[in-house]
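Undergrad: If you scroll down you'll find the structure; I have some questions about it.
Rule-based calculations on the coordinates, nothing more; no lab input. Note that the structure is predicted; figures quoted are calculated from it, not measured. In this analysis, Cβ positions are derived from the backbone assuming ideal geometry, glycine residues included, and neighbour counts consider all displayed protein chains.
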Amino acid sequence: MKLKLLLPAVAVLATGCAIPTNPLQLELESLPEADKAYIVGKFITQCSGGMEGCTQRFNSIWASYSNTQLEGYSDIIQSRFGSIQDKDTEYDFIDPVAGEKGFYFCKAIPAGNYALTSFSYYSYGGGGHGFHSRKASPFEIPFSLKKGEVAYLGQLRLTVLFGAKNSLGIQDYQPGWLELATNAEQDISYAVAKCPVDVKVDEVSNKPLNPVLANSPLVISGPASTQQGNPPAK
């Protein structure tokens, strides 16, 4: 499956500028810690070549989720590099042999009903260009959290299609698709180590995202990643 890049830029989120404060973030600032919920998991992108032997070929790759009942309550899980204003992503593991890099995440959200709604690829060069899955194949994968709940959403791997090298030795690449998997027994201890120290992580709900619910050719079940990175500190 080969997906064409869309021009011009498809989302302000991809430009490398700081994400504007939205209602979700504003509510989080006003909530006591006990009332917040947290999603944890593992985010993986494919890579190849470059100075480190495993370069992410798009400057920014991210997955988006939104509250299904409150407009504007949205956020992203993002891997990026090369932004003028924002720091490059710090990875928990980089594996040139497997051609992937990734990190564990722990993100606060107000309790409620949510859905993973899209994924995107974006490069800054040439005035900016990217691909947004919502334009090609809209989907929603629901999940919900209660106050104080910490939930494991599984592994999200955004693939890249690598082609042949051209006459200049530059390898062709295109956006791929989203693969969902789960490896709760290994991932949870690493992911909750990314949560604030005062978050209660004794009980973590196992709620991996189900690719079947997407009903989209761009979201499939994938193999579980066993890359670990540094041992969790918590």
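Undergrad: Amide H neighbours of GLU100 under 5 Å, at least 5 residues apart or on other chains, H built in the peptide plane: list them.
TA: Long-range HN contacts for GLU100: CYS47, ASP95.
Undergrad: Here's another thing I want to ask about it. Can you give me the Kirkwood hydrodynamic radius for segment 34-102, using every pair of distinct Cα atoms, in Å to one decimal?
TA: After inverting the pairwise mean of 1/r, the radius is 13.9 Å.
Undergrad: Give the cross-link partners of LYS87 among the aspartates and glutamates, using a straight C-alpha distance below 13 Å as the criterion and excluding same-chain residues fewer than 8 apart.
TA: The qualifying aspartates and glutamates are none; the list is empty.
Undergrad: While we're here: So what is the relative contact order of segment 63-193, in percent, for Cα pairs below 8 Å that sit 6 or more residues apart?
TA: Answer for segment 63-193 is 19 percent.
Undergrad: Another one. Ranked by Cβ crowding within 10 angstrom, fewest neighbours first, how are ASP95, ASP88 ordered?
TA: Ranking ASP95, ASP88 by Cβ neighbours within 10 Å, fewest first, gives ASP88, ASP95.
Undergrad: Hey, another quick one. Along segment 182-191, what does the Karplus equation 6.51 cos²θ - 1.76 cosθ + 1.60 (θ = phi - 60°) give for ³J(HN,Hα), rounded to whole Hz, x for Gly and Pro?
TA: Listing the rounded values in order: 9, 8, 4, 4, 8, 6, 4, 5, 6, 5 Hz.
Undergrad: Could you pull out every residue, at least 5 positions away or on a different chain, whose amide H is within less than 5 Å of the one on VAL199? Hs are placed 1.01 Å off N in the peptide plane, and Pro or chain starts have none.
TA: Placed amide hydrogens put nothing under 5 Å from VAL199.
Undergrad: Counting other beta carbons within 10 Å of each residue's own, what order do ILE39, ILE94 fall into, fewest first?
TA: In order of increasing Cβ crowding within 10 Å: ILE94, ILE39.
Undergrad: May I pose another question? Spelling out what I want: for every residue of segment 211-217, take phi, set θ = phi - 60°, compute 6.51 cos²θ - 1.76 cosθ + 1.60 (Karplus), and round to whole Hz; glycine and proline get x.
TA: x, 4, 5, 5, 6, 9, x
Undergrad: Tell me, what ³J(HN,Hα) does each residue in segment 96-101 have, in order and in whole Hz, if you take phi through Karplus 6.51 cos²θ - 1.76 cosθ + 1.60 with θ = phi - 60° and put x for Gly and Pro?
TA: These are the phi-based 3J(HN,Hα) values: x, 5, 6, x, 8, 9 Hz.
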